[in-house]
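Written out below as structure tokens is the structure these notes cover.
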Amino acid sequence: MLQHLFTEKRIRYVEKRAYLQIEATSDDDEKIESFLALPISETDQPSMLVLESEKCFAFEKEQIELCKLLVTIYQHALRQMTLMEAALYRSERCALTGLYNYGYLTERLQDMELQLQQGELACVSTIILDIDHFKQLNDTYGHENGNLVLKQFASHLQTLVDDRYMLARYGGEEFVVLLPNTSSSEALEIAEHYRQRIEQLSFQLVVIEQQMKKRADVQITVSLGVASIPEHTVMSRDLIA
């Protein structure tokens, strides 16, 4: 019965997941005479609308058509939501690194300033990281490899930055970490931890020499700065400066 609901690629998932779920949720004493299943989504985890009845031929044509209409409306809403989520992601993220971008960073800074004024936060610290001699790296290995370093660096930073904090690309080779309810002394210790870990990293690049591709391992260092509200300034727009 369920084999006709999805393409061959998704039948196995439905048989192992949805059908077992239907059996598990049915009362042992309940005798199902009518069963209606309408596919809803065609994602990696397909879903369906399932209706059951103890009556024979319980679902008439009008009811089935109504269910089809409801499923169509839901599918349209689901597609719209997916498009909106994708657009929101693109507006908030750096296309190269996938980190939050400058626009989202400034919005969060303003939100945190308001939370400070309302007493919801005691302090806010920020760490700005700047990759040292990045222009020299670009000149030596090319801008494509420079972008590769930025992507790898951002990925490493994500593993270093605690979930309580927010990481963003400020621009170029500069990155910012926002640390709510973290004093400047605590932020300084965290920044030093970042610095030590980063100088131990190795970035694998591909360079072309005499028309041959070769791998090059590159290490980088970073310069970091720390500032806090209200210790160094009371305005969020001055925090990074």
Expected 222 nm ellipticity per residue - DSSP helices of 4 or more, -39500 (n - 2.57), all of the chain, to 500: -14000 deg cm²/dmol
Please tell me the relative contact order of segment 140-241 in percent, rounded to the nearest whole number, where contacts are Cα pairs under 8 Å and at least six residues apart. 20 percent
Considering the convex hull of the alpha carbon atoms of the chain, report its projected area averaged over all viewing directions, in nm², one decimal. 21.4 nm²
State the antiparallel share, in %, of DSSP beta bridges confined to the chain, rounding to the nearest 5. 95 percent
Rounded to the nearest 20 Debye, what is the dipole magnitude of segment 178-241 about its Cα centre when Lys and Arg each give +1 and Asp and Glu each give -1 at the C-beta? 420 debye
Can you pull the percent of segment 197-241's accessible area that's carbon plus sulfur, 1.4 Å probe, other chains left in place? 45 percent
On average over all directions, what projected area in square nanometres does segment 47-119 have, based on the convex hull of its Cα atoms? 9.4 nm²
Could you provide, to the nearest whole Å², the per residue accessible area of the chain with probe 1.4 Å? 66 Å²
So for the chain, taking the charge dipole from beta-carbon charges (+1 Lys/Arg, -1 Asp/Glu), which of ALA87, GLN152, GLY119 sits furthest toward the positive end? GLN152
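The values are calculated or read from the model by the stated rules, or taken from the named source; none is laboratory data. All values derive from a computational prediction rather than experimental measurement. Glycine gets a Cβ as well: all are built from the backbone with ideal geometry, and neighbour counts include every protein chain shown. With ligands, DNA and RNA removed, areas are computed over all heavy atoms of the protein, side chains included. Shrake-Rupley method; radii C 1.70, N 1.55, O 1.52, S 1.80 Å.
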